[in-house]
Amino acid sequence: MINEPTELDPAGLEPIELAPALLERMAAVRAAALRTLESGYPVYGVNTGMGNLSKVRLSDAEQRVHQRNLLLGRAVGGPPWLSPEESRAVLIGRLKTFLTGDSAVSVGLIQQLVALINSGFTPAIPAEGAGSAGEIIPLAHATGPLLGIGWLLAPPIPADSASTGSTGSTGSTGSMGAGDAGHAGEAAAGSARGAGSMGASAGAGGIGGAAGAGGGMGGSTGAGAMGGALRPAAGLLPAFELGPKEGIALLAGTPGAAGRAALAVTKVRRLAERLTAVAAGAIAVVGANRDPYEPAAARGDDVLASEFALLRQLAGPEPEPRSLQAPVSFRVAGHVNAHVRRTAEQLDDAVDRAFKGVSDSPAYLDGDFVGTAGFHGIDLAAYCDHVTTALAHAAEVSTARLHRLLDPNVTGLTAQLAREPGPQAGLVAVHKRAVATTHQLRRLTLPTAISTAETSNGQEDVQTFSWEAVGNLAEAIRLTREVVACELLAVRQAFALSGRAIPPGLQDLIQAVDHVVPPIDADRPFGEDLTRLLTNVL
């Protein structure tokens with residue numbers, strides 16, 4: 001039971017139920033806002049046009065259809081679509097902002113939004129193309145299904161596997177073994193964004209590609225043209241009729257970027273754990289000197305001190321290091337991973353500010369409608385960029401360590417970790433995949449917000465592109481996991497070749513690898529092994 005908007009987690013999968021007292025508060029705000037609107041003074045997007053047309057006053061008849069029209073004319077996006085879990089995070093982000101009362105929407109609209117979240121279906125929301133001061137394009141797609149407009153992604157698992165009205169099926173694809181729930185569909189979701197379809201993560205047990213005419217953007221566009229396994233939104237829920245101010249409320253602010261960023265924080269925290277564990281495995285298997293991780297070397301930095309302690313715990317002691325100094329990529333592992341953790345917490349703070357602050361415009365504040373600039377998501381964009389850069393650096397360091405693991409001078413093992421170097425290539429191509437993936441990551445590190453353009457005939461003359469920033473971060477998470485999988489495969493092979501005892505702190509991880517990856521005695525298609533690691537371990 002949700003009593004306050006702060007209790008809603010965009011990364012959560014549980015069905016949502018709102019407390020009666022919370023709904024009563026929203027009803028009181030709505031009643032007060034409607035009384036304020038009776039005065040007839042201009043309220044942006046309610047009795048006026050939007051953007052450069054805000055000078056146009058609307059007649060009573062025009063106002064009655066205006067709120068619905070706001071969504072119709074702004075749903076200009078197309079594939080690639082967000083993954084189901086990201087789409088759900090957008091909806092929960094919208095709900096969190098509604099429950100502050102700033103939007104002054106009706107209880108009926110709030111309940112309709114909850115019903116969509118709990119349905120097991122998620123809207124087809126474009127992952128790209130949000131070139132506006134805010135998120136009006138993706139939000140038009142996200143909230144159109146409340147009115148029976150637009151398209152839905154097929155559920156990620158068969159509908160009969162979930163209880164009626166449950167949302168537990170929308171993010172995880174079942175048991176992850178030793179891995180983290182929610183990552184099974186992530187690789188598929190990433191490829192879906194790139195390929196313009198839902199790939200494997202949306203079609204299973206769902207609608208296939210057979211969504212036909214009716215209920216779509218204009219009533220005649222087939223799902224195949226929209227790119228993937230979709231169904232029309234019409235018919236899932238009774239179509240909601242928007243009241244005054246409710247259309248613009250659905251499009252206002254940056255709830256989508258905030259919701260997706262909250263989901264990203266959860267994933268980066270999990271990824272940071274794996275980064276540390278795999279780095280510790282590399283440190284242990286090459287017999288690296290543990291001096292760089294001494295507690296005294298973390299003076300003045302609690303995050304770094306915690307990271308050093310975790311590395312020492314996982315890697316175990318090394319009484320006889322192979323050399324006085326390991327390569328830099330080993331020595332800096334603590335600093336690199338501490339930076340990833342630190343940036344994730346900074347982004348989490350920005351998400352908290354986004355949801356606690358005023359993002360609606362016009363917002364209903366202290367009994368009046370106030371035009372705000374809460375749509376300018378520079379805080380979210382900047383910190384998303386920050387985490388993306390931290391992950392790109394972590395991936396570069398991981399790739400460098402992987403290369404060193406192939407070097408007999410560093411490991412004392414066979415060249416390229418092959419059982420029979422020469423006749424066998426070993427893991428050299430695994431490193432090349434990591435190199436290519438890291439190159440992709442570097443291209444994501446261009447600051448997103450430093451690229452403004454005029455729209456709406458100059459009325460909207462700057463943007464932050466926070467939607468794109470969080471999209472870059474989602475892709476950075478996916479790519480960094482690929483690099484970590486490459487290093488993990490090499491770490492496991494190095495342990496197998498060395499005969500070294502696996503430190504107690506790493507035994508669960510290595511056992512999880514052994515459960516899905518057979519011993520490497522000869523060359524084989526290692527891409528299959530990496531996919532198993534990504535699906536079941538990382």
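The values are calculated or read from the model by the stated rules, or taken from the named source; none is laboratory data. None of these values were measured; they are calculated from a predicted model. A quick note on method: Cβ atoms are made from the backbone with ideal geometry, for glycine too, and the neighbour counts reach across all protein chains shown.
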Exercise for review: Kindly check whether there is at least one residue in the stretch 95-117 that is touching a Ser or Thr at 6+ places or on another chain (Cβ under 8 Å), over 15 Å from Leu250 (Cβ atoms) and not small (Gly, Ala, Ser).
Suggested key: no
Review point. Yes or no: Val517 under 21 Å from Pro408 (Cα atoms) and surrounded by 15 or more Cβ atoms within 10 Å (Cβ to Cβ)?
Key: no
Check your understanding: Could we say that Thr389 is outside any loop (DSSP other than H, G, I, E, B), over 30 Å from Gly287 (Cβ atoms) and either over 28 Å from the mean Cα position of the chain (by Cα) or among the polar types (S, T, N, Q) (or both) here?
Key -> yes
Revision key, fill the gap. The condition from (1) in contact (Cβ under 8 Å) with a residue 12 or more places away in the chain; (2) surrounded by fewer than 17 Cβ atoms within 10 Å (Cβ to Cβ) that Ala326 misses is numbered (2)
Revision key, fill the gap. Picked from the stretch 32-63 (must be more than 22 Å from Gly134 (Cα to Cα) and of a type in the set (A, V, I, L, M)), the residue surrounded by the most Cβ atoms within 10 Å (Cβ to Cβ) is Ala33
Check your understanding: Given the structure, is Leu405 over 16 Å from Ala474 (Cβ atoms), surrounded by fewer than 20 Cβ atoms within 10 Å (Cβ to Cβ) and touching a residue at least 12 places away in the same chain (Cβ under 8 Å)?
Key -> no
Review point. What single numbered condition from (1) in contact with a His (Cβ under 9 Å, 6 or more places away or on another chain); (2) without any contact (Cβ under 8 Å) to a residue 24 or more places away in the chain fails to hold for Lys55?
Key: (1)
Check your understanding: Hey, any hits in the stretch 74-82 for a residue that's assigned to a helix (DSSP H, G or I), in contact (Cβ under 8 Å) with a residue 40 or more places away in the chain and either of a type outside the set (S, T, N, Q) or closer than 16 Å to Leu146 by Cβ (or both)?
Key -> no
Check your understanding: Of everything in the stretch 65-99 that's β-branched (Val, Ile, Thr) and crowded, with 21+ Cβ neighbours inside 10 Å, which residue is farthest from Gly471 (Cα to Cα)?
Key -> Thr97
Practice item. Among the candidates Val491, Val470, single out the residue that is in a helix (DSSP H, G or I), farther than 30 Å from Ser132 by Cβ and assigned by TED's automatic domain parsing to the domain that holds Val387. Key: Val491
Review point. Say we look at the stretch 112-153 and pick out the residues that are polar (S, T, N, Q) and in contact (Cβ under 8 Å) with a residue 60 or more places away in the chain; which of these is farthest from Pro84 (Cα to Cα)?
Key: Ser132
Revision key, fill the gap. Taking the stretch 106-124 and keeping residues touching a Phe, Trp or Tyr at 6+ places or on another chain (Cβ under 6 Å) and either assigned by TED's automatic domain parsing to the domain that holds Trp467 or not in a helix (DSSP H, G or I) (or both) leaves Ala124
Review point. From the list Pro319, Pro244, Pro232, which one is more than 20 Å from the chain's Cα centre (by Cα), surrounded by 18 or more Cβ atoms within 10 Å (Cβ to Cβ), over 30 Å from Leu13 (Cα atoms) and at pLDDT below 95?
Key: Pro244
Practice item. For the stretch 344-356, state whether one or more residues are within 18 Å of the chain's Cα centre (by Cα) and β-branched (Val, Ile, Thr). Key: yes
